[in-house]
Amino acid sequence: MRKHVLYAQSPQWRALIERADALMAGADFRRHKRTRKVEAGFVTGPGGATAFLKRVESRGWLGGIGARIRGSRAARALAGASMLGAGGFAHPAPLAAMEVRALGAVRQTYVLNEALGGATIFSEYMLGRRSELSRDYRRRKRIADAVAAQVRRLHDAGIYTIDLQETNILLEEKSGTLRIYFVDLEDFRRADPVPWRERLANLVHLDRSVGRFVCRAGRLAFLYSYLGRKPGRAEARKIVGELMGIRGEIERRWRRRHPGVSGAAAPKPAAAPLSRAAGAGK
């Protein structure tokens, strides 16, 4: 296997990503995520800086050939950072990116990003995991409205993501100023304009990850904040009907890919159907 460094902010970061496997196997690696194909966590870089390192295994040799053709995760992460930066959207800065190739196929990709140490995932605000946030409804509403507006601005800029999970939106608040970061840079795509269905699909993905913990009124308010207005009853029913249809397609597709899986591993429904709040039900 041969290492191909696609980008490095400095020679020091290049040297670090080239020994990524040894770092991940070391005692100082602070693991954040580990699955059969993905491993990610925090490492210490030049000058004591903390960085986030992610390794993804290709899905076999054919999958690795496909990655060479359409662009590997590392290449797509660099492209995502570029398009977000050009649009003025906050994101972790890439420090280095590398592919490991064998027989013409990409077998592993490595991405090293700036660690957003002061930021936290969206659910810390939406779910009220912090007691002071749970009590302050107006502050939570203000933050939810800001995220909805930022997602709308992303779409209006001709950018969308194939995985808008709440864990992929990080927030940092300093001195009353809220900063919203988009992460998982390899999932961003450009379309000018972003089709209506892709916009709704992004909202459905976000609702599936956060919505089950938020009341119907709160979820509907998020939708209206995204739209920038409160539509009439008939239009609201139509939009919510489209959202529920896309949600059903996503969940049916998930079940086809995971036959026999049920219970805790299956996708969770929302706390209550959004359609009731908009009058889109029976």
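So for region 189-207 (the condition being under 19 Å from the mean Cα position of the chain (by Cα), on the phi < 0 side of the Ramachandran plot and of a type in the set (F, W, Y)), does at least one residue qualify? Among the residues of region 189-207, not one is under 19 Å from the mean Cα position of the chain (by Cα), on the phi < 0 side of the Ramachandran plot and of a type in the set (F, W, Y), which makes the answer no. Please tell me if R76 is within 14 Å of D184 (Cβ to Cβ) and touching a residue at least 60 places away in the same chain (Cβ under 8 Å). Against the criterion (within 14 Å of D184 (Cβ to Cβ) and touching a residue at least 60 places away in the same chain (Cβ under 8 Å)), R76 qualifies. Every listed requirement among (1) touching a helix residue (DSSP H, G or I) at 6+ places or on another chain (Cβ under 6 Å); (2) more than 21 Å from L223 (Cα to Cα); (3) assigned to a loop (DSSP other than H, G, I, E, B) is met by D192 save one, (1). Of the strands (runs of 3 or more DSSP E) contained entirely in region 73-189, those carrying at least 1 residues that are buried (at least 20 other Cβ atoms within 10 Å of the Cβ) and not aliphatic (A, V, I, L, M) fall at 94-102, 105-114, 159-161, 177-182. Counting the residues of region 1-38 that are under 21 Å from A79 (Cα atoms) and part of a strand (DSSP E or B) gives 7. Within region 153-168, the residues that satisfy the criterion of being modelled with pLDDT of 95 or more and of a type in the set (A, V, I, L, M) are L154, A157, I159. Would you call A79 under 16 Å from the mean Cα position of the chain (by Cα), modelled with pLDDT of 95 or more and under 30 Å from P46 (Cα atoms)? Criteria met by A79.
Among the residues of region 39-54, those identified as part of a strand (DSSP E or B) and out of contact with any His (no Cβ under 6 Å at 6 or more places or on another chain) are E39, F42, V43, T44, T50, A51, F52, L53, K54. Among the residues of region 55-72, those identified as hydrophobic (A, V, I, L, M, F, W, C) and either in contact with a helix residue (DSSP H, G or I) (Cβ under 9 Å, 6 or more places away or on another chain) or not in a helix (DSSP H, G or I) (or both) are V56, A67.
All of (1) more than 21 Å from I121 (Cβ to Cβ); (2) modelled with pLDDT under 85; (3) loosely packed, with under 15 Cβ neighbours inside 10 Å hold for K238 with one exception: (2). Report the residue count in region 21-49 for those that are over 16 Å from E114 (Cβ atoms) and surrounded by 15 or more Cβ atoms within 10 Å (Cβ to Cβ). The qualifying residues number 4.
The values are calculated or read from the model by the stated rules, or taken from the named source; none is laboratory data. On a predicted model such as this, the values are computed, not experimentally measured, just so you know. So basically every Cβ, Gly included, is an ideal-geometry build from the backbone, and we count neighbours across all protein chains shown.
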